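The values are calculated or read from the model by the stated rules, or taken from the named source; none is laboratory data. Being a predicted model, the structure only gives us computed values, none of them experimental. Ideal geometry is used to build each Cβ from the backbone, glycine not excepted, and the neighbour counts take in all protein chains shown. Surface areas here come from the heavy atoms of the whole protein model, side chains and all, with no ligands, DNA or RNA. Shrake-Rupley method; radii C 1.70, N 1.55, O 1.52, S 1.80 Å.
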Amino acid sequence: MSRFEDLVAEGESVPTKGWDFSWFTGRAIEERPSWGYAKLLADRIAKAEAALDIQTGGGEVLASVPAAPPVLAATESWQPNVGIARRNLAKFDATVVEVDDEADLPFPSDHFDLVVSRHPVITRWDEVRRVLRPNGTYLSQQVGSGSVRELTEFMMGAQEAQDASVHPSLGPLATTAGATPMEATFSAEAAGLEVVDLRQEALRMEFYDIAAVVHFLRKVIWIVPDFTVDAYRDRLAELHDFLERHGPFVAYSQRFLIEARKS
């Protein structure tokens, strides 16, 4: 097999379960936001009595906190991740519930003083407010509009701008990944939350080989929604040739931090 075929096969073989990105070490890099979400999470969790992590993935980020509050719960929509999250969060005796991203949260109103979410696919601002106690806080790091656009457009061609940040059926009380900070703020406020912190950064990404690109597109499925190796083999071959001759492919991820409070 050629080097291209070997690398593509390797990228296809790596499991995509969970949100552990350690496999990319030495093959791709991404700058991290200056605010340090994991540290902010640990600080907030340390002061909480009851906390909820929405769309926890495999629970990897939540599991990194030094200690958990007396009540800790998490939701996840993708069934393969649910078991991983339960194993990762078992040390905290956390409750992990399989819940569709668009569904109502299966918890009582005014139940948590802290709700968190890292890179949610959908934010149900109305449900976040409902489950928060008065003076409770929602802390979230979100994927902003145009994230990794450079890779999307290389693979798929130029993309028309789409207003898909407000969920088509749930309306302005729910935003999807790719919302702008302003759109997220408007939706939070429409749900009755007060936005107390808002930050945004563009973060440099570098891909060093085509295996990293293949695995990334399999794992982060919204970058090229219909991605398969067979469907995009010609573009992958062109990108492989570029990487071999000219070095890393550079793209930029868009991230914003939003913190909102229930009065």
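Annotations for the structure displayed:
- Residue count for the stretch 77-97, restricted to those that are more than 19 Å from the chain's Cα centre (by Cα), over 19 Å from Tyr138 (Cα atoms) and open to solvent by less than 50 Å² (accessible area, probe 1.4 Å): 1.
- Among residues of the stretch 46-61 being of a type in the set (D, E, K, R) and under 19 Å from Leu105 (Cβ atoms), the one that is surrounded by the fewest Cβ atoms within 10 Å (Cβ to Cβ) is Glu49.
- Check on Ala202, surrounded by fewer than 21 Cβ atoms within 10 Å (Cβ to Cβ) and under 17 Å from Gly146 (Cα atoms): yes
- Residue match in the stretch 68-76 (condition: open to solvent by 10 Å² or more (accessible area, probe 1.4 Å) and among the polar types (S, T, N, Q)): no
- Qualifying positions in the stretch 1-45 - open to solvent by 60 Å² or more (accessible area, probe 1.4 Å) and of a type in the set (Lys, Arg): Arg3, Lys17, Arg32, Lys39, Arg44
- Residues (closer than 14 Å to Asp104 by Cβ and at pLDDT below 95) located in the stretch 131-172: His167, Ser169, Leu170
- Checked against (1) part of a strand (DSSP E or B); (2) at pLDDT 95 or above; (3) surrounded by fewer than 21 Cβ atoms within 10 Å (Cβ to Cβ), Asp113 passes all but a single condition, namely (3).
Residue-wise test of (1) among the hydrophobic types (A, V, I, L, M, F, W, C); (2) surrounded by fewer than 14 Cβ atoms within 10 Å (Cβ to Cβ); (3) in contact (Cβ under 8 Å) with a residue 60 or more places away in the chain; (4) farther than 21 Å from Val116 by Cα.
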site	(1), (2), (3), (4)
Val220	yes, no, yes, no
Pro225	no, yes, no, yes
Asp234	no, yes, no, yes
Leu243	yes, no, no, yes
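- Test: residue in the stretch 161-171 that is in contact with an Asp or Glu (Cβ under 8 Å, 6 or more places away or on another chain), open to solvent by less than 10 Å² (accessible area, probe 1.4 Å), assigned to a helix (DSSP H, G or I) and not acidic (Asp, Glu): no
- Among all residues of the stretch 123-130, there is at least one that is of a type in the set (Ser, Thr, Tyr), modelled with pLDDT of 95 or more, within 22 Å of Ala38 (Cα to Cα) and under 18 Å from the mean Cα position of the chain (by Cα).
- Tally, over the stretch 71-97, of residues that are assigned to a loop (DSSP other than H, G, I, E, B) and free of Cβ contacts under 8 Å to residues at least 40 places away in the same chain: 3
- Residues of the stretch 123-141 that are in contact with a strand residue (DSSP E or B) (Cβ under 7 Å, 6 or more places away or on another chain) and of a type in the set (Asp, Glu): Asp126 alone.
- All positions within the stretch 158-217 that are among the charged types (D, E, K, R) and closer than 30 Å to Leu7 by Cα: Arg204, Glu206, Asp209
- Qualifying residue in the stretch 143-160 (condition: touching a Ser or Thr at 6+ places or on another chain (Cβ under 9 Å), in a strand (DSSP E or B) and not β-branched (Val, Ile, Thr)): no
- Verdict on Asp100 being part of a loop (DSSP other than H, G, I, E, B), farther than 22 Å from Lys219 by Cβ and either open to solvent by 20 Å² or more (accessible area, probe 1.4 Å) or in contact with a helix residue (DSSP H, G or I) (Cβ under 7 Å, 6 or more places away or on another chain) (or both): no
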